[in-house]
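The values are calculated or read from the model by the stated rules, or taken from the named source; none is laboratory data. Remember, it's a predicted structure, so these values are computed and weren't measured experimentally. No Cβ is skipped: glycine too gets one built from the backbone with ideal geometry, and neighbour counts run over all protein chains shown. All accessible areas refer to the heavy atoms of the entire protein, side chains included, with ligands and DNA or RNA removed. Shrake-Rupley method; radii C 1.70, N 1.55, O 1.52, S 1.80 Å.
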Amino acid sequence: MGYYSEFINNQLDLWEEARKNYAALGKTQRRAMTCGDMTVGIQFNPARIRSTSANVSADAIKRRECFLCAENRPKEQIALPIAGRFELLINPYPIFPVHFTIASLNHEPQSGMPDEMMVLAEELPGLTIFFNGAKAGASAPDHLHLQAVATHELPLMKFVEEHHIGSEEGVKRSDELSDNFPFLFYSAVIAPTDEGMKQLRWMMSQCGVDEEGRKDYGKVNSFFWISENDGKLRVVVIPRKSHRPKCYSLPEEERKMVSPGAVDMAGILITPREDDYLSLTESDVKEIYKDVAYSPKDDVK
């Protein structure tokens, strides 16, 4: 992680707000719980309130400046070119000590997983590249972007590598890996062959569906990484039913401010309010996943 550390340290030397937010990570609280066969870390992280509570309605997006466009970013923010049409930026509101945003050079919508995810996984070893669909956690659905964090930080990636071994190339459903996982996902070990590329294209076509049963490419979270154990390209795709769980919209005395994006689905559930951090139960977490993702036995068309 030397390269990443150097970039992050150089950036934080210049940017006071980001420096304070990274320093505050040392004070975040986390507690663990089991949710079926999944280990979930509940993280109390007040700095993430902007993302958790983001208004992503079409009207709100039109009214605000895009914070990922170069002309609207803080003058202190450094950008490194990567994968041709993207820029690597540190995320100023981090969940982990290594947390990057990878923004398109162009202001284009978050309409689907970009082909460059595989290239980015190869260019950023040790990191998992993830995509929040426009209706599945993206706080800037109007500007194509990805994020990257250290693979070892994400419980789902550890689970997948333990249960879908690298020699078993191809695609598996979560119910093939566990009888007691809280939601449906697809896991793939991709070989550099024609068949592997066919499987990769199939994975990148998966998503949730709209009210009429048509594919909705905004309803998906996906993860790409190169396994440090065997050097294989790994892909996980989670079709999503909705952006936010029912508890997000309850009256204040019953409300849980949890708005799952890819990190939450990967086993680190972010709570920007301390009351939610302290009160969430295993039953609550299972209900949250049930609201936003499909059952392991569902057949998503």
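Laid out as a table, the results:
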read-out: Isolated Cys residues of the chain, judged by Cβ distance under 4.7 Å to other cysteines; value: 35, 207, 247
read-out: Share of carbon and sulfur in the accessible heavy-atom surface of the chain [1.4 Å probe, %]; value: 50
read-out: Local net charge near residue 230, Cβ-Cβ under 13 Å (Lys/Arg +1, Asp/Glu -1); value: -3
read-out: Estimated [θ] at 222 nm from DSSP helical runs (n ≥ 4, -39500 (n - 2.57)) normalised by residues in the chain, nearest 500; value: -7500 deg cm²/dmol
read-out: Solvent exposure ordering (accessible area, 1.4 Å, most first) of 234, 63, 73; value: 63, 73, 234
read-out: Per residue value of the accessible surface for region 1-47 (all protein chains in place, 1.4 Å probe), Å²; value: 55
read-out: Paramagnetic reach from residue 6 in region 100-132 [backbone N under 19 Å; point 7 Å along Cα→Cβ]; value: 100, 123-127
read-out: Per residue accessible area in Å² of region 83-177, where ligands, DNA and RNA are left out and the probe is 1.4 Å; value: 33
read-out: Which of 143, 243, 163 is most accessible, then next, and so on - probe 1.4 Å; value: 163, 243, 143
read-out: Restraint check, 20/158; 241/286; 172/297; 246/286; 219/256, Cα-Cα greater than 18 Å; value: 20/158; 219/256
read-out: Inter-part distance where region 141-170 and region 30-105 are each reduced to a Cα centre, Å; value: 17
read-out: Added length on full extension, which subtracts the Cα-Cα distance from 0.36 nm per residue, residue 163 to residue 175; value: 3.2 nm
